[in-house]
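Colleague: Below are the structure tokens for one structure; questions will follow.
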Amino acid sequence: MAFFMLPNVVEYACVCGLLNPLTKLYFCRYCMKLRCGFCVCHEVDSHFCSNCLENIPSSEAKIRKNRCNTCFNCPSCQHTLSVRASTSIVPAPSAGSGEAVKAEEGSADGVQKKESTPEPSTGKQIARKMYYLSCLNCRWSSRDVGIPDQTVATGQWPESEYANSTRFSLLLEHYQSVVLHEKQEKQELWRRKTPKQSKFPSLTDRTGLTVAMIRRQMGWPDSKAQVKSTPLPINKSVASETVDELPADIFTKELTLNNITTLQQRLSHSAKQPFTVNKLFPQHKLLSIKRSLRCRQCDHNVIKSEYNPSSIKYRIAMFAAYHVPEVRFVQCEPLVQGQDSILTLKIINPTINDMTITIMDLPMEEEEKLMIEELKLAAESSASSSLMISGLTSSLAKQATLLEDPRMVERKVNGTFRLPDSSFIINHRDDSAEFDEVVQSQQEDPKFIIWRKANQIAMKLAVQPREGCNPDEEIVIGFSLQYTYVNTVVEKSSTPTKGPQKQALTTRVYIKLGKLSGNDAASP
């Protein structure tokens, strides 16, 4: 069970050995394993603006520097700016001022063009709608920094010029050329080390002809050699000893804090970092992304969202909370050294199939090491088989090296409890059960089950702190939770399977019970 802005009380162990609440874990139904944020690959699907919901391609988002062209953030409070309209009185233009009369006069040298100057205005004034940017949160507006109003709501708002913008662009081009040069050198070195190996001899091996000679005989032009890119030269930065002197009244002049920018306001203008508020200009809004998560071992999608920016649904949503039974901490009696305390837990079945639950002891240290070795061997075998099928592609070769190595769980267990004497069944989830008037048949439950309702049960366990626990130490218990899962994924094999397969899966759960009753901290 996860709490907002509070420490996690119930945590599940991932395959890699890290502990996370159930709400931060994913479930791969192909590997039948829990996956945390380090066991999945994060891929960017699309870029979009969270204000105007414009979907922007990745190439265009890179050119725009991951910012929206039409939406702006307030430089004072970082909220989204709104376009406001106002009416202003402007002189009316004359009738012929909008048209330019062009005349051509021929001469011996060539053709000359002349434009007639517009006539002056007639003196009349008209009302015109003008637009400016305003923040509805802090009441900042573009008029505060002297930005002129625009005649169009989606007009190009002027941006502040930075003194070092030319230098930054030159540095960016230089380092881009350096990266491209290094990439070409690596590709050439890789091509030399791994020559093409073929079973059958090529035509040049049989006849002794080179590719250039064959092209000349066929009348084709010589193939152009690949032009190697060289890094662009750039002037090095030279440190200067001349520093501007401080003003004479720097220590005596009174400061008005309302006119000085805060640290957050300066960091939002990283290129200029203004000192006073009257130099703050609106910033283009950063783009948001939609990402998909992929299992690193089997390369199947775990999370896949809709492409439409206005949609919050998922095409694939393999959250662990939808497939793994949820254990919730209800209450615990005061913990006393050498005495049993009653712990009440609630277990919820989120699936649409009945689930058989068995609570067992945690594996010993030797057993956990064997489990880690088996996981490593399984990951290596799956990676090698995928590479053989794909023909040693570079993407999958890189994918195979990204697997998170499993490790020992670092959570120290300093509490014991009595295991339930039998397994029990939790009914499946039925959203219409609370509206159904049919009375469910009562079933005999073990003594440790307190109550049962729909797909939830409450059970009690007798827990006891171990000897030698410090009064300020958190009491933690752990157990292995075995549950039955109905796998709906049909694998392609020579022997067809008959319907969904039921499998028994195991996960480790750790629960924080609080401190000893001597410190008045019996429950979290």
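The values are calculated or read from the model by the stated rules, or taken from the named source; none is laboratory data. None of these values were measured; they are calculated from a predicted model. Note that we place each Cβ from the backbone using ideal geometry, even for glycine, and neighbour counts take in every protein chain shown. Accessible surface is based on the protein model in full, side chains and every heavy atom, while ligands, DNA and RNA are left aside. Shrake-Rupley method; radii C 1.70, N 1.55, O 1.52, S 1.80 Å.
Colleague: Round to a whole angstrom and tell me the spacing of the C-alpha centers of region 328-359 and region 63-77.
Modeller: The distance from the Cα centre of region 328-359 to that of region 63-77 comes to 50 Å.
Colleague: Tell me, what % of the accessible area of region 219-336 is carbon and sulfur with a 1.4 angstrom probe?
Modeller: On region 219-336, the fraction of accessible area on carbon and sulfur atoms equals 54 percent.
Colleague: How many Å² of accessible area per residue for region 1-71, probe 1.4 Å?
Modeller: Roughly 51 Å² per residue, with all protein chains present.
Colleague: Could you sort 479-487, 70-78 so that the peptide with the highest average Cβ count within 10 Å comes first and the rest follow in order?
Modeller: Descending mean neighbour count gives 70-78, 479-487.
Colleague: Please work out the FRET efficiency for the pair Ala85 and Tyr314, using the Cβ-Cβ distance as r and a Förster radius of 30 Å; give the result to the nearest 0.05.
Modeller: Efficiency, from the Cβ-Cβ distance: 0.15.
Colleague: Among 238-249, 129-140, how do they line up from the highest to the lowest mean number of other beta-carbon atoms within 10 Å?
Modeller: Numbers: 238-249: 6.2, 129-140: 16.3.
The peptides rank, most packed first, as 129-140, 238-249.
Colleague: Calculate, for region 325-383, the solvent-accessible area per residue in square angstrom, rolling a 1.4 angstrom probe over the heavy atoms of the protein chains.
Modeller: Details: 3250 Å² over 59 residues.
Averaged over the residues of region 325-383, the accessible area is 55 Å².
Colleague: Would you please give the FRET efficiency between Ala454 and Arg64, computed as 1/(1 + (r/R0)^6) with r the Cβ-Cβ distance and R0 = 45 Å, to the nearest 0.05?
Modeller: Details: r = 51 Å, r/R0 = 1.13.
Efficiency, rounded to the nearest 0.05: 0.35.
Colleague: Using a Förster radius of 22 Å, what is the FRET efficiency between Gln187 and Leu232 based on their Cβ-Cβ separation? Nearest 0.05, please. Walk me through the numbers before you get to the answer.
Modeller: Details: r = 20 Å, r/R0 = 0.91.
Calculated value: 0.65.
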